[in-house]
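The values are calculated or read from the model by the stated rules, or taken from the named source; none is laboratory data. Quick caveat: nothing in here was measured; it's all calculated off a predicted structure. Cβ coordinates were reconstructed from backbone atoms using ideal geometry, including for glycine residues, and neighbour counts include every protein chain displayed. Heavy atoms of the whole protein, side chains included, go into the accessibility calculation; ligands, DNA and RNA do not. Shrake-Rupley method; radii C 1.70, N 1.55, O 1.52, S 1.80 Å.
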Amino acid sequence: MINEINLNADMGEGFGAYDIGDDESLLQIIRSANVACGLHAGDPTVMHRLVSRARDEGVSIGAHPGFNDLWGFGRRRIDMNLAKKRIETINTPILVMGREEDHLQGIFRTTYELLAEAGKQVEWVSFDHGMHGYIFPEREGDDDYQVDDVQREAIAGVIAYLDRYLKK
């Protein structure tokens, strides 16, 4: 005789501040969740929030992949030849900055790798800083900007990068 049923749901299909479905309520009644992987639905912020809440509720998590197809909700295959042709049109040098312990690190790194694979002029840098968006110094109560050593290094790196490409 079965004493338990594992209710499962596809979840995390919102974007940023927009929720699609009532993930919070579902977490109260399910035992496992398939988290949208950000290609057909969801995004890194939604994924991080849902995985954290699932962990808090003791809900097992798994991946809910789909084709890279937001408009078709992951149901249409992507024409990779067309995608590569579109990447070929990028002629601007690109600097991709990540943060060592950031939940968005995978997206930044993937962006870099796709551009590098296509032979684009792209550079990757990553810093160890406790705040996402660390490149933007915060203004304290006295209206002075508070800049730490990692921010100084990152800002100097961006300026050096721009000098290399804007002075040509």
Inter-probe distance in nm under a simple model that places probes 7 Å from Cα toward Cβ, at V147 and Y165: 2.1 nm
For the pair I29 and H48, how long in nm is the line joining their label points, each one 7 Å along Cα→Cβ? 3.0 nm
How would Y145, Y161 rank on accessible area, largest to smallest, probe 1.4 Å? Y145, Y161
For 10-18, 88-96, ranked highest to lowest by mean beta-carbon neighbours within 10 Å, the order is 10-18, 88-96
